[in-house]
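The structure appears right after this line, and notes come after that.
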Amino acid sequence: MSKQKVMRIGVLTGGGDCPGLNAVIRGVTKPAQDYGMSVLGILDGFEGLVEGRARELNNEDVSGILATGGTILGSSNKGDPFHWPIQKENRIEIADKSTSALKNYKAWNLDALIAIGGDGTMHICNKLGDMGMNMIGVPKTIDNDLEATDMTFGHDSAVYIVATSLDRLHTTASSHHRVIVMEVMGRYAGWIALNGGLAGGADIILIPEIPFSWEKIYDKILKRELMGKKFSLVCVAEGAKPRDGKMIVKGKDIKRHDPIQLGGIGELVAKKIEDNTGRETRVTVLGHLQRGGSPTPYDRILSTKFGFFAIELALQRKFGRMVALKGSEIKNVSIKDAISKQKLVKPDTQALIAAKAIGISFGE
Ligand code: F6P
């Protein structure tokens, strides 16, 4: 690598965490130092950008973090500079703090800011770019719901947790001749439930894109019994809904980019199955186990490549771009395009077609 003019690069992790964030920070910092750049780690996502909290990053800081979960910089999904919550006695007011973000960006003498995050983070990146900041995006989310990249890092690790959890539930469900329902994450896109359910041998998978019929679920369980299978595994995405119903919203938090907090569909599905089939049913909510812990080797490799190619974009002064996986190559797309479309499971999604072909029910 040839030495270039010294640049100062900021890096932050925004939104919900996921396995692989540290691997990206390492993938950014190590080559940046080799290029003679200095790297400033901004703390707690955009909160640190608004509040002026950051620390220098060098090789020593990122050594040994490849396999560790979480983020050494901290993250937040409540720090949107354009939607900044201020607690006033017993109410919350929303303010625009984007000028503080710009002030700190300038005070830190940043030439570029690499933001590692999902859909919400990329929307903020786009607006900060319009204010004159040199933004570079790195796509993260266990949900894998950004159309502009074939894969976000974190998804493979979440799918691994879902599949291995189903493996464990399989043995106990089979021993007790029970139905076990497992609720997984996935707000509007069912990739975690589809891929995790397929890998873990679920008999029924329920996803937000396919509103389900209760009758079809009961039929599948009873048909399995006629074939001698006295247990069933159901993998349900938190955003799944019945044909005649709505997503189950557990709470709302207006401080967040997406204020809706989901949860509860697993309980409902388990209760309806028990009430309508008479089969003993249990429920497991996997929750944040899907976001914690060490990234899979696939995610470690993807994160490292994303980090390195983000630094290459900075070096080439290609701002307003997000690194993206296209086939097996790392390319880049405009952040504006990246936020224009959510990637959903479609009728022609091959994993869906294959899952149906091997007899998995989607409650259709
Ligand atoms: O977007 C990632 C995600 O893990 C969703 O699948 C889930 O609905 C949400 O974050 C949970 O967020 P929180 O940890 O803030 O409750």
**OP:** Would you be able to say whether some residue in segment 328-342 is hydrophobic (A, V, I, L, M, F, W, C), in a strand (DSSP E or B) and either in contact (Cβ under 8 Å) with a residue 40 or more places away in the chain or in contact with a His (Cβ under 7 Å, 6 or more places away or on another chain) (or both)?
**Re:** yes
Subject >> Residues (more than 20 Å from the chain's Cα centre (by Cα) and without any contact (Cβ under 8 Å) to a residue 60 or more places away in the chain) located in segment 268-301 >> reply: Leu268, Lys271, Lys272, Asp275, Gly278
**OP:** Kindly check whether there is at least one residue in segment 81-103 that is in contact with a strand residue (DSSP E or B) (Cβ under 9 Å, 6 or more places away or on another chain), modelled with pLDDT of 95 or more and on the phi > 0 side of the Ramachandran plot.
**Re:** no
Original post:
How about segment 1-51: which of its residues are more than 16 Å from the ligand (Cβ to nearest atom) and in a loop (DSSP other than H, G, I, E, B)?
Top reply: Met1, Ser2, Lys3, Gln4, Lys5, Val6, Met7, Tyr35, Gly36, Met37, Leu43
Subject >> Residues being closer than 30 Å to Ala115 by Cα and small (Gly, Ala, Ser) - total across segment 316-364 >> reply: 7
**OP:** Pull up segment 214-255, narrow it to residues that are touching a Pro at 6+ places or on another chain (Cβ under 9 Å) and among the charged types (D, E, K, R), then point me to the one that is nearest to Gly14 (Cα to Cα).
**Re:** Lys255
Original post:
Does segment 69-79 contain any residue that is β-branched (Val, Ile, Thr), surrounded by fewer than 23 Cβ atoms within 10 Å (Cβ to Cβ) and under 21 Å from the mean Cα position of the chain (by Cα)?
Top reply: yes
Original post:
Could you say whether any residue in segment 150-162 is surrounded by 23 or more Cβ atoms within 10 Å (Cβ to Cβ), assigned to a strand (DSSP E or B) and either touching a helix residue (DSSP H, G or I) at 6+ places or on another chain (Cβ under 8 Å) or β-branched (Val, Ile, Thr) (or both)?
Top reply: yes
**OP:** Working carefully through the options Asp258, Asp253, find the one that is more than 17 Å from the chain's Cα centre (by Cα), within 12 Å of the ligand (Cβ to nearest atom) and in contact (Cβ under 8 Å) with a residue 24 or more places away in the chain.
**Re:** Asp253
**OP:** Give the residues of segment 307-327 that are of a type in the set (S, T, N, Q) and either assigned to a helix (DSSP H, G or I) or touching a strand residue (DSSP E or B) at 6+ places or on another chain (Cβ under 6 Å) (or both), sorted by residue number.
**Re:** none
Original post:
Regarding Gly245, is this residue without any contact (Cβ under 8 Å) to a residue 40 or more places away in the chain, in a strand (DSSP E or B) and surrounded by fewer than 18 Cβ atoms within 10 Å (Cβ to Cβ)?
Top reply: no
Original post:
Residues in segment 119-146 that are away from the ligand (no atom under 15 Å from the Cβ) and either in a strand (DSSP E or B) or in contact (Cβ under 8 Å) with a residue 40 or more places away in the chain (or both): how many?
Top reply: 10
**OP:** May I ask you to say which residue of Thr304, Thr284 is of a type outside the set (Asp, Glu) and assigned to a helix (DSSP H, G or I)?
**Re:** Thr304
Subject >> Some residue of segment 104-114 being aromatic (Phe, Trp, Tyr) and crowded, with 20+ Cβ neighbours inside 10 Å >> reply: yes
**OP:** Please indicate, with yes or no, whether at least one residue in segment 327-349 is under 23 Å from the mean Cα position of the chain (by Cα) and under 24 Å from Asp167 (Cβ atoms).
**Re:** yes
Subject >> One residue from Arg279, Arg300, Arg291, Arg321 being within 12 Å of the ligand (Cβ to nearest atom) and buried (at least 17 other Cβ atoms within 10 Å of the Cβ) >> reply: Arg291
**OP:** Could you run through segment 190-239 and say how many residues are of a type in the set (A, V, I, L, M, F, W, C), in a loop (DSSP other than H, G, I, E, B) and buried (at least 24 other Cβ atoms within 10 Å of the Cβ)?
**Re:** 2
Original post:
Hey, among Ile116, Ile86, which residue is in a strand (DSSP E or B), within 16 Å of the ligand (Cβ to nearest atom) and either in contact with a helix residue (DSSP H, G or I) (Cβ under 9 Å, 6 or more places away or on another chain) or not hydroxyl-bearing (Ser, Thr, Tyr) (or both)?
Top reply: Ile116
Original post:
Looking at segment 166-178, is at least one residue among the acidic types (Asp, Glu) and either buried (at least 24 other Cβ atoms within 10 Å of the Cβ) or under 12 Å from the mean Cα position of the chain (by Cα) (or both)?
Top reply: no
**OP:** Quick one: Ile72 ticks every box in (1) away from the ligand (no atom under 16 Å from the Cβ); (2) β-branched (Val, Ile, Thr); (3) touching a residue at least 60 places away in the same chain (Cβ under 8 Å) except a single one, so which number is it?
**Re:** (3)
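The values are calculated or read from the model by the stated rules, or taken from the named source; none is laboratory data. Keep in mind that what you see is a predicted model, and the values were worked out from it rather than measured. Heads up, the Cβs are rebuilt from the backbone with ideal geometry, glycines too, and the neighbour counts pull from every protein chain shown.
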